[in-house]
Amino acid sequence: MNLNITGHHIEVTSAIHDYVHAKLDRVIRHFDSVTSAHVILSVDKLNQKAEVTLHVKGKDIYADSVETDLYAAIDTLADKLDRQVLKYKEKTSNHAHEGHKRQAAE
């Protein structure tokens, strides 16, 4: 997986990079078809914002989070992304099985 982390008005240190990578590894463990991920971390006055676009086979999944703490924003972002990836995985796997069930019934 290709991981790209950029920061707007914030320096992406190795600690932040490792933290984001660890959180996204948890999400990617559920779904093997992830080709790349683009993470944007930004600061606007008191708000810390984290955004991610996850490129999977057939779709791009986007999630964002705004918190007062950067690490809390990354945690919330990982939770949102995890739910979306599981939903997409379930949707694609159910469609594949429905086609086989219809053919077997005929």
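Taken together, the values in this text are just the output of simple stated rules run on the coordinates, not laboratory data. None of the values given here were measured: they were computed from a predicted structure. Quick reminder, even Gly has a Cβ in these numbers, built from the backbone with ideal geometry, and neighbours come from all protein chains shown.
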Okay, helix-only estimate at 222 nm for the chain: each DSSP H run of n ≥ 4 adds -39500 (n - 2.57), divide by all residues, round to 500 deg cm²/dmol; what do you get? -17000 deg cm²/dmol
Report, by chain and number, residues whose modeled amide H sits under 5 Å from the one on Val56, excluding near sequence neighbours (fewer than 5 apart, same chain). Thr35, Ile61
Using the Cα centre of the range 2-105 as origin and beta-carbon charges of +1 (Lys, Arg) and -1 (Asp, Glu), tell me which of Ala73, Ala37, Ala15 is placed farthest towards the positive end of the dipole. Ala37
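Note down the relative contact order for the range 2-105 as a percent, whole number, built from C-alpha pairs under 8 angstrom at least six residues apart. Don't jump to the answer; show the numbers that get you there.
Working: 140 pairs, mean separation 23.3, N = 104.
Dividing the mean separation by the residue count of the range 2-105 yields 22 percent.
Give me the net charge for the shell around Lys49: Cβ to Cβ below 9 angstrom, other residues only, Lys and Arg +1, Asp and Glu -1. List each step's numbers first, then the result.
Numbers: positive: none; negative: Asp44, Glu51, Asp64, Glu67.
Taking every other residue near Lys49 into account, the sum is -4.
Using a cut-off of 12 Å between beta-carbons, work out the net charge of the residues near Asp82 (Lys and Arg +1, Asp and Glu -1, Asp82 not included).
Numbers: positive: Lys23, Arg26, Arg29, Lys80, Arg83, Lys87, Lys89; negative: Asp25, Asp75, Asp79.
Here the count lands on +4.
Counting Lys +1, Arg +1, Asp -1, Glu -1, what net charge surrounds Ile61 among other residues with beta carbon under 13 Å of its beta carbon?
Working: positive: Lys57, Lys59, Lys80, Arg83, Lys87, Lys89, Lys91; negative: Glu51, Asp60, Asp64, Asp82.
Around Ile61, the surrounding residues sum to +3.
How large is the dipole of the chain about the Cα centre if only Lys and Arg carry +1 and Asp and Glu carry -1, each at its Cβ, rounded to the nearest 20 debye? Let's see the in-between values first.
On the way: 14 positive and 16 negative charges, 97 e Å.
Dipole about the Cα centre, nearest 20: 460 debye.
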